[in-house]
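The values are calculated or read from the model by the stated rules, or taken from the named source; none is laboratory data. Because the structure is a prediction, the values reported are computed rather than measured. Cβ sites come from the backbone with ideal geometry, for glycine too, and all protein chains shown count toward neighbours. Surface accessibility is based on the protein's heavy atoms, side chains included, excluding ligands, DNA and RNA. Shrake-Rupley method; radii C 1.70, N 1.55, O 1.52, S 1.80 Å.
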Amino acid sequence: MTADELRRLFIDFFAERGHTVVPSSGLIPHHPLAPLFTNAGMNQFLPYLLGEETPPYVRATSVQKCVRVRGKHDDIDLIGRTTRHLSFFEMLGQWSFGDYFKEGAIKFAWELVTEKLKLDGDRVWVTVFETDDEAAAIWENEIGVPPERIQRMGSDNFWEMGDTGPCGPCSELYYDRGPEYGDDGGPAHGGEERYVEFWNLVFMQYDRAADGTLTELPKKNIDTGLGLERMLSVINDVDSVFDTDVLRNIVSAAERVTGRRYGDDEETDVKLRVVADHARTVTFLVNDGVFPSNEDRGYVLRRILRRAVLRAFQLGVDRPVLPPLVESVVDLMEGAYPDLTKNKDFVVGVVAREEEKFRQTLRSGMAILEEELSKITSEDPLLHGDIAFRLHDTYGFPLELTKEIAADRGIQVDVEGFEIAMADQRSRARSARAGTETDGEATEAYRELLEQFGPTEFVGYTDYEAKGRILAATADEVILDRTPFYAESGGQVGDTGEISTDTGVFQVTDTTYAVPGQLTRHTGRVTEGEVTPGQEGLARIDAHRREAIRRNHTGTHLLHWALREVLGPHVKQQGSLVAPDRLRFDFSHYQPLTHEEIAQVEALANARVLANEPVRAYETSKDEAEKIGAIAFFGDKYGDVVRVIEAGTRSTELCGGTHVGALGMIGPVKVVSEGSIAANMRRIEATTGEATLERLKDDEELIERTAAILRVRPDELPERIERLLEERRLLDDELKALRRAAAGDEAQDLAGDALDGIVVARRDGTARDELRDLAVALRDRPEIRGVVLGGVPEGGGVALVAAVTKDSGLDAPTLIAEAARTVGGGGGGKNPEMAMAGGRDASKLDEALDQARRAAGI
């Protein structure tokens, strides 16, 4: 039976029995409790099994691709040395969410195994949890399995996600391959190669509390998993999973690539099996968006890939082996996983680059390692830590690789010594970096992407949308291998838009460089579904916004030229901002521009727009660009090849930005402001195209509205406004005269209350200016030598005024200094004849005026 036939038989069996067929999820799980990689069929159903979400069906079945690479002491060391261990495998499974339970799951399993797969039921053994009498009874009484082939096991037969939550016993099915494969005694006591586990039935029936108490779940679930490769080896009666069609064909490809024959000797066979297994794992991981790196999933992928290359290297192969093996994996499994075909070239490219990098490491480090290993004797079979660290630090030789190669010679590595040397180096590095800025972890990750995939391909000069591969994705950032999005640089702002995949949409709110000039970073947020590394995405910029930016950028070049024409060749660009709504241009000049100069600049720029000359962009050598007079931006650094923008026949500059195709596309250019930003440095802001038209429209509406208010035609506005201003001036003069007359009258009244020529009085509701005028009018009377007035104006607060004659012997600020503090204010000034102050606390005004009386001596 082939893998394709087994997949179809299993799925059809359960689909016919009311199970919904659910496609395999990716190898990158998204549930917070899930492991690093999808390692079982149940991972995608965790929200249902844990009661977090309501399942859309009560029965389900799937064929799930899985990667199972555990921690420090993981199965990876067993791969190739046993008949059944794999790093990538397929899990056939079925689930019941509150529907059937133990009896249904057991009966389905037995029917499939004995009636559909035609296995000999007498060679099937089952295990149950040590206290699960219910499952044991079903196997014995309902199915008819003899009690001697039902064995009770401990914790291995109890499933749990964590210390608390859903859990339950499980029952596992084993196939007895016969005495030639090991000792008798069943799964509990017999040989591991003889009794092959092929199906696990999990009965999720309890909820475990924090104190360990188990409570029956109201809705019990079934979760089962059957290993496709192990099942194939049992059905086809072959010794190893590597003898099944789904793996033997890849082993054959490894034979062709290495020139070694499978079956010649055991060590060669082990290496060929490792290469075949790892090639399959690498293919599926990269296809699902995992890329080689030094952390998390990427680190595991890199380790697996390097193990495969190392085994081929040890077989004497000094040329790339993984690219052709990836192609073999795709050819073999694209029927079950069609996305492999779509992503084939991309996966091959990633793997090829990573292998080439590692082969360089191997070539540089192997000779040194071999030399050091040859010095080690059997009396002291230990490779010192400082040597392992030197290989790692100088040649990029991973410690894991050093350990594996040494282990093949029966030599251990001094890991503790390695860690000490590593800690010393980190300490030195921290000291060297003290007080300086470092790239940080994020920049290291970006540089890793750059090294792995090369610079981002920018296609935005010609395309506003393009397909690209997602190399990295977080909640607020996406990096593609190619993009139409312009990254902020040269004064031009970054593009906005969206990146859509089959599973989600990422709204791009800005585009910048993660690594200057090389790696483009799209920032924003996921607005629909999810976006994950490895997916193909359609990147689409906001075209209307980009068009406005293009107009402003080419408009900036025209203004630069026009400024040099009007002001002189000393004008040089010092900075710029090219945004969709405006442009800003900073330039060297020693004085403000006159109104006439600004008008000249505008006229020159708009004349070129009307000429509608073509805009030409091309690349050339820096020397050639200098020969044709191209202007470079002050402070920028340019490589040997530069991009030149010819904006018509008058402007030629070095520029990497986006521009219009012809000057007429810019539209009207309008300078809206001009000013100084530093010594001998000026700044103008301007608009083009729609922004200028919108500004002109607003100005026109403002003029028309003003004319309507004044009841004149727009062309009569200046004359009307001048007349109004003159009328206002005359009215102001008349009002001042009236106030002086009124103040004189009131001063006469107050003068009658003077004591020793001094008047202190309160006048609420009087404006500050009027209060001052009244004080002056009172002081100027011949019988008065000093005045202090206080009041609460209509707007609130407190106003104080003091006015004295020159020969009074009084000081105006001193008269009200203490009074001002009393009302919670200050002021007064330095004029000895006139002082004004203010305050906040009107309730203390009378007290303050008494203080002023005492200060005046009355």
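In the stretch 826-858, which residues are open to solvent by 70 Å² or more (accessible area, probe 1.4 Å) and assigned to a loop (DSSP other than H, G, I, E, B)?
Scanning the stretch 826-858 gives Lys830, Asn831, Arg840.
Does the stretch 195-211 hold any residues that are farther than 15 Å from Gly165 by Cα and open to solvent by 20 Å² or more (accessible area, probe 1.4 Å), and which are they?
Glu197, Asn200
Please pick out the residue among Val823, Val788, Val804, Val798 that is surrounded by 21 or more Cβ atoms within 10 Å (Cβ to Cβ) and in contact (Cβ under 8 Å) with a residue 60 or more places away in the chain.
On the way: Val823 fails: in contact (Cβ under 8 Å) with a residue 60 or more places away in the chain; Val804 fails: in contact (Cβ under 8 Å) with a residue 60 or more places away in the chain; Val798 fails: in contact (Cβ under 8 Å) with a residue 60 or more places away in the chain.
The conditions single out Val788.
So which residues in the stretch 174-189 are open to solvent by less than 30 Å² (accessible area, probe 1.4 Å), farther than 16 Å from Arg84 by Cβ and under 54 Å from the mean Cα position of the chain (by Cα)? Don't jump to the end; show me each part of the working.
Of all residues in the stretch 174-189, those open to solvent by less than 30 Å² (accessible area, probe 1.4 Å) come to 174-178, 182, 185-187.
So of that shortlist, the ones also farther than 16 Å from Arg84 by Cβ come out as 185-186.
Scanning the stretch 174-189 gives a single hit, Gly186.
Val309 versus (1) crowded, with 20+ Cβ neighbours inside 10 Å; (2) closer than 20 Å to Ser24 by Cα: which is the lone unmet condition?
(2)
State the number of residues belonging to the stretch 430-477 that are at pLDDT below 75 and in contact with a helix residue (DSSP H, G or I) (Cβ under 8 Å, 6 or more places away or on another chain).
1
Which condition number does Val238 fail, the rest of (1) free of Cβ contacts under 8 Å to residues at least 60 places away in the same chain; (2) open to solvent by 30 Å² or more (accessible area, probe 1.4 Å); (3) under 20 Å from Leu332 (Cβ atoms); (4) not in a loop (DSSP other than H, G, I, E, B) being met?
Unmet condition: (4).
Out of Leu577, Leu563, I need the residue that is touching a His at 6+ places or on another chain (Cβ under 9 Å), modelled with pLDDT of 95 or more and of a type in the set (A, V, I, L, M). Which one?
Working: Leu577 fails: touching a His at 6+ places or on another chain (Cβ under 9 Å).
The unique qualifying residue is Leu563.
So, restricting to strands (runs of 3 or more DSSP E) that lie completely within the stretch 466-525, which ones have at least 3 residues that are within 16 Å of Asp542 (Cα to Cα) and touching a residue at least 12 places away in the same chain (Cβ under 8 Å)?
Numbers: elements: 477-480, 497-500, 504-515.
Here the list reads 497-500, 504-515.
Could you look through the stretch 475-529, keep only residues that are among the basic types (Lys, Arg) and within 29 Å of Gly575 (Cα to Cα), and pick out the one that is surrounded by the most Cβ atoms within 10 Å (Cβ to Cβ)?
My answer is Arg521.
Only one of (1) assigned to a helix (DSSP H, G or I); (2) surrounded by 15 or more Cβ atoms within 10 Å (Cβ to Cβ) fails for Glu624. Which number is that?
Single failed check for Glu624: (2).
Within the stretch 345-358, take every residue that is in contact (Cβ under 8 Å) with a residue 40 or more places away in the chain and of a type outside the set (D, E, K, R) and give me the one that is most open to solvent (accessible area, probe 1.4 Å).
Phe346
Scan the stretch 537-596 residue by residue and report those that are assigned to a loop (DSSP other than H, G, I, E, B), open to solvent by 30 Å² or more (accessible area, probe 1.4 Å), over 30 Å from Leu480 (Cα atoms) and not charged (D, E, K, R).
Those that are assigned to a loop (DSSP other than H, G, I, E, B), open to solvent by 30 Å² or more (accessible area, probe 1.4 Å), over 30 Å from Leu480 (Cα atoms) and not charged (D, E, K, R): Pro569, His570, Tyr590, Gln591, Pro592, Thr594.
I'm told Thr54 meets every condition in (1) assigned to a loop (DSSP other than H, G, I, E, B); (2) surrounded by 15 or more Cβ atoms within 10 Å (Cβ to Cβ) except one. Can you identify the failing condition by its number?
(2)
Provide a single number: the residues in the stretch 245-293 that are within 14 Å of Leu315 (Cβ to Cβ), touching a strand residue (DSSP E or B) at 6+ places or on another chain (Cβ under 9 Å) and open to solvent by 10 Å² or more (accessible area, probe 1.4 Å).
Qualifying residue count, the stretch 245-293: 0.
Any idea how many residues of the stretch 746-783 are assigned to a helix (DSSP H, G or I), within 20 Å of Gly795 (Cα to Cα) and open to solvent by 30 Å² or more (accessible area, probe 1.4 Å)?
Result for the stretch 746-783: 5.
Name the one entry in Val669, Val660, Val641, Val712 that is within 39 Å of the chain's Cα centre (by Cα) and over 26 Å from Asp586 (Cβ atoms).
Val641
If only one of Thr361, Thr341 is closer than 30 Å to Thr394 by Cβ and open to solvent by 10 Å² or more (accessible area, probe 1.4 Å), which one is it?
Thr361
Applying the selection to the stretch 138-173, what residues are within 16 Å of Phe108 (Cα to Cα) and open to solvent by 30 Å² or more (accessible area, probe 1.4 Å)? Spell out the reasoning first.
Within the stretch 138-173, the subset within 16 Å of Phe108 (Cα to Cα) is 138-145, 170-173.
Across the stretch 138-173, the qualifying residues are Glu140, Asn141, Glu142, Ile143, Gly144.
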